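The values are calculated or read from the model by the stated rules, or taken from the named source; none is laboratory data. Please read these numbers as outputs of a predicted model, since none were measured by experiment. Backbone-built Cβ (ideal geometry, glycine too); neighbour counts: all protein chains shown. Remember, those area values only see protein heavy atoms, side chains included, never the ligands or the DNA or RNA. Shrake-Rupley method; radii C 1.70, N 1.55, O 1.52, S 1.80 Å.
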Amino acid sequence: MNYSKIPYIHLNDYKTKGNKRVIADKLFLNTRGFFVLKYIQMVFQNRRIALKGLYNREKWAVSSYDVFKLIENCGGQFEITGLENFRNCKEPVVIVSNHMSAMESMIFPGLIAPFMEVTFVVKESLVTHPLFGPVMRARSPIAVGRSNSREDLISVMKQGKEFLEKGTSVVIFPQGGRRDIFKPEEFNSLGVKLAKSAGVKVIPMAIKTDFWGNGKIIRDLGPIRRNKKIFISIEKPIEITGNGKNENDQIIKFIENKLNIWNNLD
């Protein structure tokens, strides 16, 4: 995929040479205000593209790549392992991950979309949101209301299977929402059930994205914690056998083990 050149300035390349205005600009680059400003600008830009019907898979991946660079410009450091498991994937899969912040929805397309068609299971309020809605709808997500778990299960199983049969992978966050602390009992087996029903494999992901905190007023615009390194680990595809319980337990242990390692590095 041909990524466009990103418009942001790397802090290390920003020359001050004693100019007070330039020094002030450099300091602003490393603030939460800069992060929020540029993020909102991206959202409006992508919204305009989506309303024109032009927000395709490549635009999606490129806009996600822009978020990567924005995070780096604001002091974020990424450690990503296992990307070859997407690169080597020749068939649609169900991708399951823990969920900590807004970052996952923003950066996952940049990791996955260059290699395969993909869609997400998202909460319905994002699809109908006046700002984010056009962008979300442009990528044909599977929307769930989260008020009726049985209806959500039926919707994900039906629509997810249809997407997978057409060659589109599906990303699911089985916790049902963002969690600062991973609790295995909240990690349901929906992703595994969908994979088994559709006859495809599961790719587990473990993430630690508390660099981008959840806000108290606006949840997507929380604090930026530069002391928190960003970790993403992508596991090899898992084939589902039996009822899938063993595989779901395996996924939970993979996430728990990664988080234990990463938390000890903080």
Sort out which residues of the stretch 225-266 are among the hydrophobic types (A, V, I, L, M, F, W, C) and assigned to a loop (DSSP other than H, G, I, E, B), and write them in order of number.
Ile240, Leu265
Restricting to the stretch 146-155, count the residues that are at pLDDT 90 or above and of a type outside the set (S, T, N, Q).
1
At pLDDT below 95, open to solvent by 20 Å² or more (accessible area, probe 1.4 Å) and polar (S, T, N, Q): does that describe Ser105?
yes
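Here is a yes/no grid of residues against (1) at pLDDT below 90; (2) closer than 30 Å to Phe34 by Cβ:
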residue	(1), (2)
Met157	no, no
Lys161	no, no
Thr168	no, no
Pro174	no, no
Gly177	yes, yes
Leu190	no, no
Ser197	no, no
Val202	no, no
Ile230	no, yes
Only residues that are farther than 27 Å from Glu72 by Cβ and either open to solvent by less than 10 Å² (accessible area, probe 1.4 Å) or not in a helix (DSSP H, G or I) (or both): list them for the stretch 118-128, please.
Val121, Lys123
Does the stretch 20-41 contain any residue that is out of contact with any strand residue (DSSP E or B) (no Cβ under 9 Å at 6 or more places or on another chain) and at pLDDT 90 or above?
yes
Checking the structure you have, find out if any residue of the stretch 86-94 is assigned to a strand (DSSP E or B), within 21 Å of Phe182 (Cβ to Cβ), touching a Phe, Trp or Tyr at 6+ places or on another chain (Cβ under 7 Å) and modelled with pLDDT of 95 or more.
no
Quick check on this structure: which one of Arg57, Arg87 is in contact (Cβ under 8 Å) with a residue 12 or more places away in the chain, out of contact with any helix residue (DSSP H, G or I) (no Cβ under 9 Å at 6 or more places or on another chain) and either over 23 Å from Lys229 (Cβ atoms) or open to solvent by 30 Å² or more (accessible area, probe 1.4 Å) (or both)?
Arg87
Test Met136 against the criterion of being closer than 18 Å to Val43 by Cα, touching a helix residue (DSSP H, G or I) at 6+ places or on another chain (Cβ under 6 Å), in contact (Cβ under 8 Å) with a residue 24 or more places away in the chain and open to solvent by 30 Å² or more (accessible area, probe 1.4 Å), and give yes or no.
no
